[in-house]
1. Of the residues B:ASN34, B:ASN58, B:ASN73, only one is more than 9 Å from every other protein chain (Cβ to nearest Cβ), at pLDDT 90 or above and more than 19 Å from the chain's Cα centre (by Cα); which?
2. One residue is enough: does the range B:230-242 have a residue meeting the conditions out of contact with any strand residue (DSSP E or B) (no Cβ under 8 Å at 6 or more places or on another chain) and free of Cβ contacts under 8 Å to residues at least 60 places away in the same chain?
3. Hey, can you tell me all the residues within the range A:151-172 that are more than 8 Å from chain B (Cβ to nearest Cβ) and farther than 21 Å from A:THR84 by Cα?
4. When the range A:242-272 is examined, which residues are found to be facing chain B (nearest Cβ under 7 Å), within 27 Å of B:ILE251 (Cα to Cα) and more than 13 Å from the chain's Cα centre (by Cα)?
5. Can you tell me which residue among A:PHE179, A:PHE157 is farther than 28 Å from A:VAL57 by Cβ, in contact with a Lys or Arg (Cβ under 6 Å, 6 or more places away or on another chain) and either touching a residue at least 60 places away in the same chain (Cβ under 8 Å) or surrounded by fewer than 15 Cβ atoms within 10 Å (Cβ to Cβ) (or both)?
6. List the number of the failed condition for B:LYS16; all other conditions in (1) at pLDDT below 90; (2) open to solvent by less than 80 Å² (accessible area, probe 1.4 Å) hold.
7. Sort through A:ALA21, A:ALA61 and tell me the only one that's surrounded by 13 or more Cβ atoms within 10 Å (Cβ to Cβ) and small (Gly, Ala, Ser).
8. Restricting to the range B:140-165, what's the tally of residues that are out of contact with any Pro (no Cβ under 7 Å at 6 or more places or on another chain), open to solvent by less than 10 Å² (accessible area, probe 1.4 Å) and at the interface with another protein chain (Cβ under 8 Å from one of its Cβ atoms)?
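The values are calculated or read from the model by the stated rules, or taken from the named source; none is laboratory data. What you see is a predicted model, and the numbers here were worked out from it, not measured in a lab. Counting neighbours? That spans all protein chains shown, and the Cβs are built from the backbone with ideal geometry, glycine included. Remember, those area values only see protein heavy atoms, side chains included, never the ligands or the DNA or RNA. Shrake-Rupley method; radii C 1.70, N 1.55, O 1.52, S 1.80 Å.
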Amino acid sequence: MSKSKWLWGIPLWILALAFLAPFAWMISTALKPDVDAYKIPMQWIPNPFQWDNFSTVLTGATSVLPAFGRSVFVAVLRVAGELTTATMAGYAFARMSFKGRDKLFLLYLATAIIPAQLLLVPRFIYFQKLGLYDTLWALILPGMFTVLGTFLMRQFFISQPAEFAEAARMDGANEWRVFTRIYLPLATPVMSALGILAFVWSWNDYETPLVLISNPDRYTLPLSLTNFVDEQGQIAPGLTMAASVISIVPVLIVFVVLQRRFIAAMTHTGIK
Amino acid sequence: MATATVAAAPAVRTEKAPGIKPRGWIGFLFIAPNLLGVIAFTLIPLISVVVLAFTDWNLVSGLGGITFNGIDNFVAIARDPGFWHAIGLTLVYVVVSVPLTVVGGLALGIALNRPLPGRAVLRAIFFLPYIVNVVAIGMTWLMLMNPRAGLVNQVLDAFGIQPGWFASSHWALPALIVMAIWGGVGYCSLIYLSALQDAPRQLYEAADIDGASVWAKFRVITWPSLLPTTIFLLVTLIIGASQGFGLIALITAGGPGDSTTTISYYMYQTGFQFYRFGYASAIGLVTFVGVLVLTLLTWRAQRGRALNE
């Protein structure tokens, strides 16, 4: 066993290093003077280490810190909003009964397959009319009310026994109490999974702000990474890569700390 | 990338939840917050895109300038060489990148399912490209594929090849495909891994007793048990790849020339650079229907094969 373990391990590790190369290049370039970025042959270990790139990106005139803050703001509101509305709706679709419920749910599913891009044109017009164009609310609001989150939560609640609710109702608990005291606590693993995914989607979203945000003072982090490209399309390698590294850190932390949950969430939204 | 996986919701359980008491409007109250948001930010825009598709409207003329023109947009699309060029490019992009990503993901998933030194770290490494934002990735690859001094060409130089990548109308699309595969393989392997965990153990044991070869075991046991996963991945990746936009907008802006103007970028150009919102909506609608048909066909074809075996 252990011999074949290594036999298979070595080529995979070589492939993995090739996969990692762009990230290693990113970090290496973030730490070197621009003149060394395209050196032939490639110089992996910066000499000298140019920590200035990071301090410029963090505190300089084109600091990405405000954009970082906006990304946090957007992500927090989106995640909180999505978790609130999706758990309530998912629960009702699964565990409560009312007229037209199943038809409404089919409508939900139908909208879930609509590509986001198709909606960009009308949303652009719509947000202009609502006075939300070029504000962070244009990014936050649609993200708070999602069909996918509702779908996920419904799939979870429908697998939970109905007897809990019946017993509680007999004891005189109202519907809100049944939901918040009995079913919601059971749902924390699914909620954390949805929360992680919602955070990553929000953090990495590039298309929506590209279309709905025009003022650089309102750029979220992914858009702000393009600040270090000049009019001719020339990229400042050190600054761009330093900003990129900063933009990756939060997702990386989420991934490393919550790896198990994250992977479970990925595979569950994917498959089951 | 991430939103693409959202698009195709997997198998739905539509059976009625047992044991619920009819409570009339209370259930509706629970749904209302989400429903109102979905109506406001998804349903109304959706209805407007359908309506807009039948209008001639340039943003500059204001809302009053909307004129209905029946099916003119759709007739124009049929005659628009730019549209067909974009469709062709999109097909090439989808047909090359999706199968390679799925096959690569399958191989990687099977390899990562074996006992390996540092397996958890390996899984994380291959998955990493999937969770990093498209701008950071795009900027990095743009520099890595710099035709003069980028690292990729420094390596390829050893073999005497010097592709121009994003500077060349022949190499720009292949470069995007390479990036798509690099970005998606780890995701596929992860989904395959979770499916492999559920693989029927007893069947493998029985096959071992019968002395079945590795290939026979793969063909008879592993592959059929992975078929639903494969269908799911194909469907979601086709949808995702046909919407591929971020990298193109960021790196090539459809160029050089129109060598990477895929359909979603063409729609973006029409809408947000030329402000022809009516026409852009019609393109979006036609594309959506096209992708839907393509997806259903993939679904059907694979389903049929699964039943025959």
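1. Numbers: B:ASN34 fails: more than 9 Å from every other protein chain (Cβ to nearest Cβ); B:ASN58 fails: at pLDDT 90 or above.
Step by step, each of B:ASN34, B:ASN58, B:ASN73 is checked, and only B:ASN73 is more than 9 Å from every other protein chain (Cβ to nearest Cβ), at pLDDT 90 or above and more than 19 Å from the chain's Cα centre (by Cα).
2. Restricting attention to the range B:230-242, the residues satisfying the condition of being out of contact with any strand residue (DSSP E or B) (no Cβ under 8 Å at 6 or more places or on another chain) are B:230-242.
Among the residues that remain, those that are also free of Cβ contacts under 8 Å to residues at least 60 places away in the same chain are: none.
Within the range B:230-242 (the criterion being out of contact with any strand residue (DSSP E or B) (no Cβ under 8 Å at 6 or more places or on another chain) and free of Cβ contacts under 8 Å to residues at least 60 places away in the same chain), the answer is no, since none of the residues qualifies.
3. Matches in the range A:151-172: A:PRO161, A:PHE164, A:ALA167, A:ALA168, A:MET170, A:ASP171, A:GLY172.
4. Correct list: A:SER244 only.
5. Values: A:PHE179 fails: in contact with a Lys or Arg (Cβ under 6 Å, 6 or more places away or on another chain).
Result: A:PHE157 is the single residue among A:PHE179, A:PHE157 that is farther than 28 Å from A:VAL57 by Cβ, in contact with a Lys or Arg (Cβ under 6 Å, 6 or more places away or on another chain) and either touching a residue at least 60 places away in the same chain (Cβ under 8 Å) or surrounded by fewer than 15 Cβ atoms within 10 Å (Cβ to Cβ) (or both).
6. So the condition that B:LYS16 fails would be (2).
7. On inspection, the qualifying residue turns out to be A:ALA21.
8. Here the count works out to 1.
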